[in-house]
Amino acid sequence: MDSHRKRPTPHALSDQSVTLDEHSKIEDLSTNTANPGEALTDNMGHVVSDDQNTLKAGERGPGLLEDFFFREKMHHFDHERIPERVVHARGTGAHGYFELTESLEDYTHARVLTQVGKRTPVFVRFSTVVGFRGSPDTPRDVRGFAVKLYTEEGNWDLVGNNIPVFFIQDAIKFPDLVHAIKPEPHNEIPQAASAHDTFFDFISLTPESMHMMMWLLSDRTLPRAFDNMEGFGVHTFRLINAAGESHFVKFHWKPVLGVKSLLWDESQKIAGKDPDFQRRKLWETLDEGGTLEWEFGVQIFSAEQAGTWDFDILDATKIVPEDLVPVRRVGRLVLNRNVDNFFAETEQVAFMPTNIVPGIDFTNDPLLQGRTFSYLDTQLLRLGGPNWQELPINRPLAPVHNNQRDGHMRQTINRGRVSYFPNRLGGNKPTHMGDAGFVSYPEEVRGTKRRARAESFGDHYGQARLFWNSMTPVEKEHMVKAWSFELAMCEEREVRVRMLEHLARVNEILAEQVAYAIGELPQTEGVAEPGGAQDSADEVARLAGAESPTSASGGLHKASALSMEEGQPQSAKGRKVAVLVAPGVDAEQVAQAQQALKAAGAQAVVIGPRLGEIAPGVHAEKSLINSDPVLFDALLIPGGEASVRVLAQRPEALHFVADTYRHAKPLAAIAEGHALLSASPVASGLNVLGDTGPAFGILKGSGADATLTALVAALAQHRFWGRPQA
Ligand code: HDD
């Protein structure tokens, strides 16, 4: 631990002090919000008489240039678009607060991390990386998790992802990475997908990305909902305490509802059935008064500790395993309010890793160092000029005083004649605060100027193996399929083969199975058909034993908190259950289901052959035509003989059973409802409809109560792997 000068008490900061609460940002934004109002006016406040007809010389005559209403309306419309973000274009935002539950004052003097109980307003934007602004929510992709905290000491942006590592070690490679993964430039194909030649060509020549690739091709990149994913600050940052001592830190957001994913088949189908799947979930939850919640965690360690590890903490392709430094949960993040206007808030919000507050500082991670330039730079293009900081969503709640002036669209009206420093005419204000302001950690730096990569960044496979070893057999199976899919989409054989060589360095069985799937290995004994129904159990058994020696992993063979199947919180909260009904349905059972699921924080969505009243008191809010099993977490079929007879004649209802079964989600049927399960070609004939059913999440009960209790428990379990396939 290095020790430096003690931080002075910020005596002269008194006129800078602000007291905030969780509502402060919304109050601030409200000074700019506008309601529809009565009379239609133009932008200059002139009341408009008729906005539907241009001014003409005669009813059938030519338009007149003097029609300033028309020209203004058209002019504004013609300029409505701004460039989308070069990456993370597709995103969704919400307001909320951050609350500290345990002080970190031993490590930092940042007020936001030392004032226990304080609620700091936040704005969070979740995003995919690759797709364009209008692309679907659910491709296989890394998710952005960008948090802007409007602290009393200025804005702190934690611009992270849902994956704790990155593809590259040095920011100078970022444009290459992004060019490679974005749609190919000659034909702009494919949209929002990494599964194409240019990406894997680049990756096959960039072995440092192999750890991140293991995460990318795991279920982590198919989150079910925003609050089913973790967030990571990725880089190692510094914390500085009041005595000037420095520690290293990694920041984490842990979802209260646990990390849960979709399946690849679901993700692809949802992209068509409801491209706004996650955006809609967030919107509806907050609109109905619900919240999304994460715990805030830190891994704090000293330079001495880091010196004992066989990886470099400045290398963003490495995690610090939680087994080496446990995550201390010291706060929470709560999202509780939708935006009023998507463009003004979510589109115009500008995040920058350089927004940090006193008590937190950068490290020499070469990826982080490069990011400190890129974000400021990009906002100029996207938001059009240097005054984007004044936009309501971007402006801090902490007071702003400086000598910056003018520029496009300046909002602030600075009084006085002084806009320079030093000055006598303005009493030398605003004044430099010295050590009471933001002071960079005075790390001693020496070295020869070189374009080079440290040797300590040289191990590219050790943590990729650690990740692989830490997966459950089912997770490994999904990864085999993901790799097989992505490489099969590459048309250039050379690219596919080069990737197999890297995979073999991670794990031979993984490489072998993918090689077989993409036609690079003849059928040999012992290699299971990937995805082949009959071999699935063998494949899983074989993958269970597929482990590799690690390196750069702090001596660990496996690490905790990497698998999404182990140690995650389980809850039925937020889950949506499709309840299939038709005339003659047992209305009481439907009502019981609605009640029981609501009590568990879940939701019953009644789906009928058509919308409207299906039986007395049973109202279908969705129909078989505008819903699909991939949009739900489970299926419930209530009793009622006539109802089930109607449903059994509808292919969409049978499809509900088949896909819910195939996607390993709970299937529940009460009394006569059992018949719909048996009518499905997928489930019929399989022994899961008998006694073994509950182990596979197939819940058949004669009464509503017991079936619903079992359904709530099954929802919390999320998936039931190993169902026999028809
Ligand atoms: Fe980045 C946006 C996260 C590396 C350059 N990045 C952006 C966003 C997130 C991240 C969440 C969206 C913010 C929003 O919602 O507006 N980026 C990361 C993480 C990285 C990372 C976790 C690695 C640890 N990024 C990275 C590098 C560079 C950039 C190395 C360039 C040197 N990122 C950008 C950008 C973007 C951006 C081009 C596009 C839009 C924006 O900044 O505001 O400047």
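Across the cross-link table entries LYS318/LYS481; LYS182/LYS269; LYS148/LYS558, which are compared at the Cα atoms, the separations over 31 Å belong to LYS148/LYS558. For region 331-481, the mean projected area of the C-alpha convex hull, equal to one quarter of the hull surface, is 16.6 nm². Rounded to the nearest angstrom and listed largest first, the equivalent-ellipsoid semi-axes of region 156-283 from its Cα gyration tensor are 29, 23, 12. Short-range pairs are left out: with C-alpha atoms under 8 Å and at least six residues apart, the relative contact order of the chain is 12 percent.
Viscosity 0.692 mPa s, temperature 37 °C: Stokes-Einstein D of region 187-238 from its Kirkwood Cα radius, in µm² per second?
245
Over all projection directions, the Cα-based convex hull of region 48-196 averages an area of 16.5 nm².
Take every Cα pair under 8 Å whose residues are at least 6 apart in sequence, average their separation, divide by the length of region 348-477, and the relative contact order is 20 percent. Translational diffusion coefficient of region 603-726 (Stokes-Einstein, Kirkwood radius from Cα pairs, 25 °C, 0.890 mPa s): 171 µm²/s. Under the simplified labelling scheme, the SER560-LEU65 pair shows an inter-label distance of 7.7 nm, with each label point 7 Å from Cα along Cα→Cβ.
Residue exposure proxy: LEU335, LEU65, LEU113, LEU383, ordered by other Cβ atoms within 10 angstrom of their Cβ from fewest to most, comes out as LEU65, LEU383, LEU335, LEU113. Listing ARG371, ARG395 from fewest to most neighbouring C-beta atoms within 10 Å gives ARG395, ARG371. The Rg/Rh ratio for region 91-390 is 0.94, where Rg is the radius of gyration of the alpha carbons and Rh is the Kirkwood radius. In the chain, the calculated helix contribution to ellipticity at 222 nm averages -8000 deg cm²/dmol per residue, counting -39,500 (n - 2.57) for every DSSP H run with n ≥ 4.
Three principal axis extents of region 347-424 based on alpha-carbon atoms, in descending order, are 42, 32, 20 Å. With the convex hull drawn over the C-alpha atoms of the chain, the volume per residue is 211 Å³. Region 333-399 and region 205-225 have Cα centres lying 26 Å from one another. Can you sort TYR516, TYR441 by how many other beta carbons sit within 10 Å, fewest first? Taking fewest neighbouring Cβ atoms as first place, the list is TYR441, TYR516. For region 108-117, 3J(HN,Hα) computed residue by residue from phi via the Karplus equation (6.51, -1.76, 1.60; θ = phi - 60°) reads 8, 9, 4, 4, 5, 10, 10, 8, 5, x Hz, glycine and proline entered as x. Skipping prolines and chain starts, which residues have an amide H placed within reach, meaning under 5 Å, of the one on GLU184, given they are 5 or more residues away or on another chain? Here ILE189 satisfy the definition.
Where a number appears in this text, it was derived from the coordinates with a stated rule and is not lab data. No experiment lies behind these values; they were computed from the predicted model shown. Glycine gets a Cβ as well: all are built from the backbone with ideal geometry, and neighbour counts include every protein chain shown.
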